[in-house]
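Trainee: Quick one: the structure is below, questions incoming.
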Amino acid sequence: MSKAHFGLIGLGVMGENLVLNAERNGFSSVVYNRTFSKTESFLKGRGAGKSIIGARSFKEFVDSLERPRRILMMIKAGSATDAVIDEISPYLEEGDLLIDGGNSEFRDTERRVSQLESRNFGYIGMGVSGGSKGALEGPSMMPGGTKSSYEAIESLVSKMAAQVEDGPCVTYIGPGGSGHFVKTVHNGIEYGIEQILSESYDLMKRVSGMKGEQMANVMAQWNRTEELTSYLVEITEVCLREKDTNDGEDLVEKIMDKAGQKGTGLWTVSSALELGISVPTIYASLNARVMSSLKDQRVKAESIIKNIPVISFNLGTVDNGMEPLMDAVVLATICSYAQGMDLLKAASEEFKYNLSMPSIAKIWKGGCIIRSSLLSRIQEAYNNNPDLLNLLLDPWFADQVNRKLTNLSKVVSGAAQSGIPVPCLSSSLDYINSYRTSRLPQNLVQAMRDCFGSHTYERLDMKGPYHTDWLK
Ligand code: NAP
């Protein structure tokens with residue numbers, strides 16, 4: 001029997017769909033799963049009648065693959081990935097390629113790349129985004145490792161990836177853990193946009209008294225605009241329209257208001273703090289999840305801390321697409337992307353990843369969760385100016401800010417006066433206002449530091465450093 005072109009380890013929701021994707025694209029496959037019963041039921045179910053076989057052991061799995069072997073691991077990140085690498089490594093030979101497609105921490109990937117470099121097989125850390133549907137129909141893929149290893153899998157991943165007008169949503173990202181770093185930041189931006197859309201839902205519900213169907217209609221309108229056409233707006237419409245089959249009420253109102261936050265969102269923020277990059281919109285979305293998890297405390301606090309009555313303020317009407325609110329959502333979304341792109345640029349310099357910003361924007365245009373029409377503008381911005389300091393300085397994005405800032409300010413101020421938390425919208429407003437203010441009050445911070453700790457300060461008008469005896 002001829003050997004399979006492609007091997008997949010891990011028949012979770014992503015693995016199942018990715019192997020069906022590979023097989024549909026002409027790559028006969030062999031699958032391995034720790035629990036063999038899952039392999040059996042997959043082969044009898046969705047894998048039946050396809051060029052896919054199953055293996056009970058790593059030896060059988062590796063022996064069933066043509067050389068050089070191309071093996072994708074889609075398993076739980078962390079120690080599970082280390083365990084599988086340890087078990088399969090002895091069977092791999094010169095030229096073989098082991099790809100980690102899970103959500104691994106980029107530092108784990110850096111460690112694995114340096115540990116495995118002495119072996120004769122290649123190792124690629126590849127971020128994959130698109131959920132189960134994307135995995136089946138074409139995800140966005142972010143592979144990092146040595147360039148020659150990528151070249152050996154390029155024909156496979158180019159066919160499997162989502163396709164946009166300027167090519168497949170996959171490219172060589174850079175060395176070491178760069179692929180997983182880019183996926184991490186992708187998820188950080190995703191956290192931000194999910195929270196921004198959730199805040200807009202809360203405002204429409206609490207200030208304008210709108211129901212799911214009306215809010216879904218607004219999302220449908222937003223999804224037809226250049227600024228907000230995106231997968232996340234599309235699925236927000238779907239979620240808001242869904243009814244509970246028990247009573248026909250909006251299903252979203254029955255869902256517990258708690259969201260988890262460990263993993264990629266947390267890693268985005270901790271990397272940003274370490275690299276000194278300002279990501280307040282993304283941080284606010286992470287913190288909003290932390291606050292959401294304190295359900296019992298929030299219920300108690302609501303009965304103790306004085307309630308502020310919701311005031312009526314202008315969010316717009318369904319007829320005008322809730323224009324002031326939409327402007328606020330557009331600017332906050334731009335901030336989430338701008339902060340993520342800034343973090344990528346800083347990491348590229350610090351870790352010598354040599355990231356191509358336009359290429360990253362390009363591969364996010366299809367297949368992934370943050371795909372949106374704004375990414376074409378982001379791609380264009382970095383193509384026009386590879387040294388762009390911040391997305392907000394690009395002429396198209398600066399024009400968006402100049403035209404929409406008043407509405408963002410009004411929405412945040414109305415929400416504040418009504419006691420409605422809008423952490424991402426307000427952090428975005430502060431981000432923009434801080435970024436466009438040439439004179440910030442950190443002069444006083446410096447004065448205090450010199451006053452209590454003789455830390456010295458610089459002056460605007462003379463070369464320093466200076467120290468003053470403030471308490472004389
Ligand atoms: P998952 O639930 O994260 O992982 C399930 C798979 O991991 C199963 O095949 C399981 O085998 C295997 N596994 C767990 N511990 C293992 C161990 N110690 N040794 C060997 N195998 C082990 O599945 P998933 O959602 O498909 O995700 C797979 C990877 O892709 C994860 O890293 C995830 O973070 C990442 N990812 C997920 C999504 C998504 O939308 N779900 C999107 C992008 C990336 P058993 O059947 O034997 O338990």
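Trainee: Does the stretch 424-472 hold any residues that are open to solvent by 80 Å² or more (accessible area, probe 1.4 Å), among the polar types (S, T, N, Q) and outside any helix (DSSP H, G or I), and which are they?
Mentor: Ser438
Trainee: Here are Ser198, Ser149: which of them is under 18 Å from the mean Cα position of the chain (by Cα), surrounded by fewer than 24 Cβ atoms within 10 Å (Cβ to Cβ) and among the hydroxyl-bearing types (Ser, Thr, Tyr)?
Mentor: Exactly one of Ser198, Ser149 is under 18 Å from the mean Cα position of the chain (by Cα), surrounded by fewer than 24 Cβ atoms within 10 Å (Cβ to Cβ) and among the hydroxyl-bearing types (Ser, Thr, Tyr), namely Ser198.
Trainee: Yes or no: Ala135 under 17 Å from the mean Cα position of the chain (by Cα), among the hydrophobic types (A, V, I, L, M, F, W, C) and open to solvent by 10 Å² or more (accessible area, probe 1.4 Å)?
Mentor: no
Trainee: Would you confirm, using the coordinates I've provided, whether Arg119 is over 25 Å from Ala338 (Cα atoms), charged (D, E, K, R) and open to solvent by less than 10 Å² (accessible area, probe 1.4 Å)?
Mentor: So Arg119 fails the test.
Trainee: Working only within the stretch 131-154, note down all residues that are at negative phi, in contact with a Phe, Trp or Tyr (Cβ under 9 Å, 6 or more places away or on another chain) and more than 16 Å from the ligand (Cβ to nearest atom).
Mentor: Within the stretch 131-154, Thr146, Lys147, Ser149, Tyr150, Glu151, Glu154 qualify.
Trainee: Another question, then. Out of all the residues in the stretch 159-172, is one or more over 28 Å from Ala415 (Cβ atoms), modelled with pLDDT of 95 or more and polar (S, T, N, Q)?
Mentor: Among the residues of the stretch 159-172, at least one is over 28 Å from Ala415 (Cβ atoms), modelled with pLDDT of 95 or more and polar (S, T, N, Q), which makes the answer yes.
Trainee: Do we have any residue at all in the stretch 312-327 that's without any contact (Cβ under 8 Å) to a residue 12 or more places away in the chain, over 26 Å from the mean Cα position of the chain (by Cα) and not in a loop (DSSP other than H, G, I, E, B)?
Mentor: The answer is no, given that none of the residues of the stretch 312-327 is without any contact (Cβ under 8 Å) to a residue 12 or more places away in the chain, over 26 Å from the mean Cα position of the chain (by Cα) and not in a loop (DSSP other than H, G, I, E, B).
Trainee: Quick check on my filter: what residues within the stretch 216-233 are farther than 20 Å from Leu331 by Cβ and free of Cβ contacts under 8 Å to residues at least 60 places away in the same chain?
Mentor: Ala216, Ala220 - these are the residues of the stretch 216-233 that are farther than 20 Å from Leu331 by Cβ and free of Cβ contacts under 8 Å to residues at least 60 places away in the same chain.
Residue-wise test of (1) near the ligand (Cβ under 10 Å from one of its atoms); (2) touching a residue at least 12 places away in the same chain (Cβ under 8 Å); (3) farther than 23 Å from Tyr123 by Cβ.
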{"site": "Ser2", "(1), (2), (3)": "no, yes, yes"}
{"site": "Gly12", "(1), (2), (3)": "yes, yes, no"}
{"site": "Leu20", "(1), (2), (3)": "no, yes, yes"}
{"site": "Ser28", "(1), (2), (3)": "no, yes, yes"}
{"site": "Phe36", "(1), (2), (3)": "yes, yes, yes"}
{"site": "Lys50", "(1), (2), (3)": "no, yes, yes"}
{"site": "Glu66", "(1), (2), (3)": "no, yes, no"}
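Trainee: Next up: When you scan the stretch 136-182, how many residues do you find that are touching a helix residue (DSSP H, G or I) at 6+ places or on another chain (Cβ under 9 Å), closer than 25 Å to Met341 by Cβ and assigned to a helix (DSSP H, G or I)?
Mentor: 7
Trainee: Test of understanding: among Asn390, Asn402, which residue is open to solvent by 40 Å² or more (accessible area, probe 1.4 Å) and of a type in the set (S, T, N, Q)?
Mentor: Asn402
Trainee: May I pose another question? Sort through Ser438, Ser418 and tell me the only one that's free of Cβ contacts under 8 Å to residues at least 40 places away in the same chain and over 29 Å from Ala162 (Cβ atoms).
Mentor: Ser438
Trainee: Every residue in the stretch 298-318 that is surrounded by fewer than 11 Cβ atoms within 10 Å (Cβ to Cβ) and not small (Gly, Ala, Ser), please.
Mentor: Correct list: Val299, Glu302, Ile304, Ile305, Lys306, Asn307, Pro309.
Trainee: Same structure again: Within the stretch 101-130, how many residues are over 18 Å from the mean Cα position of the chain (by Cα) and within 10 Å of the ligand (Cβ to nearest atom)?
Mentor: Going through the stretch 101-130 one residue at a time, the tally reaches 0.
Trainee: For the stretch 78-100, name all the residues that are within 16 Å of Pro143 (Cα to Cα) and within 11 Å of the ligand (Cβ to nearest atom).
Mentor: Result: Asp100, single match.
Trainee: Quick one: Asn384 ticks every box in (1) over 30 Å from Pro309 (Cα atoms); (2) open to solvent by less than 100 Å² (accessible area, probe 1.4 Å) except a single one, so which number is it?
Mentor: Answer for Asn384: the failing condition is (2).
The values are calculated or read from the model by the stated rules, or taken from the named source; none is laboratory data. What you see is a predicted model; the values in this text were computed from it and never measured. Reconstructed Cβ throughout: ideal geometry from the backbone, glycine too, with neighbour counts over all protein chains shown. Side chains are part of the model used for accessible areas, which takes the heavy atoms of the whole protein and leaves out ligands, DNA and RNA. Shrake-Rupley method; radii C 1.70, N 1.55, O 1.52, S 1.80 Å.
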